[in-house]
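Input: a single structure, listed below in structure tokens.
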Amino acid sequence: MSEEKRILGIGSRVNHSAYGDGVVIGIDVAAYKVCFMTYGIKHVGKEYQGWEIIEAIEAVTEVSYTEAEKGLAKVLKTWLGITEVVELGDKWSGGTMILQPADESLKSKEIPIETFFHKIVMVRDRIRVMEQRINSSKLMSDEDKVNLQQYITRIYGSLTTFNVLFKYKEDQFSGEKK
């Protein structure tokens, strides 16, 4: 399907020349229902060409309301820098991380796993914000954005070691897909 005729799916991010940044939250027969950050919900015709498509989500024939809610919530959290509640795996709750030096004359360090996990989640959230700012930058070339995105992907890959701590798989880090 050509770029002009592509149907945007729920969760697609756009930038409208008059309304600014928005997210597709619904699809009618002739129009998209778009929630704009400043102007609220507006209907925009499917044939409209005057906006920039920031992130196109593939349209599916049937979308449940909960899937649409999840997509919209994810986009809004990312754009607004809202941190989400990420749960620690049950087996780690109340646990302690012990850092034991090789030199037995030195004292070990004990850290509550919840504290360590919170720091890991904060790092992840800050990387996501940095990634969004890079991708939305008007001052950087596309080549610079791609180069920095590769570093971010590698950072996520390095952090996959900590995936064992997350309760839900969808919260885990993922690096390059091979």
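Read-outs: derived from the displayed coordinates by stated rules, not from any lab. Everything quoted here is computed from the prediction, not taken from an experiment. No Cβ is skipped: glycine too gets one built from the backbone with ideal geometry, and neighbour counts run over all protein chains shown.
Some values worked out for this structure:
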item: Neighbour-count order for VAL129, VAL23, fewest beta carbons within 10 angstrom listed first; result: VAL129, VAL23
item: Computed FRET value (nearest 0.05) for LYS167 with ARG128, which takes r as the C-beta separation and R₀ as 22 Å; result: 0.75
item: Cα principal axis extents for the range 90-171, largest first, Å; result: 52, 31, 16
item: Where labels lie 7 Å past Cα in the beta-carbon direction, separation of LYS91 and ILE111 in nm; result: 2.1
item: Backbone HN-Hα couplings from phi across the range 134-145 [Karplus 6.51/-1.76/1.60, Hz, Gly and Pro as x]; result: 5, 5, 9, 5, 8, 8, 9, 6, 4, 5, 4, 4
item: Under-5 Å amide H pairs with MET97, H placed in peptide plane, nonlocal only; result: ILE111, ILE113
item: Given LYS42/LYS138; LYS42/LYS145; LYS46/LYS119; LYS42/LYS119, the pairs whose alpha carbons are separated by over 32 Å; result: LYS46/LYS119; LYS42/LYS119
item: Residue-span extension gain [LYS33 to GLU143] - 0.36 nm each, minus C-alpha spacing; result: 36.4 nm
item: For the range 11-24, Karplus couplings with θ = phi - 60° (6.51, -1.76, 1.60), whole Hz, Gly/Pro x; result: x, 4, 9, 9, 10, 8, 4, 9, 9, x, 6, x, 10, 5
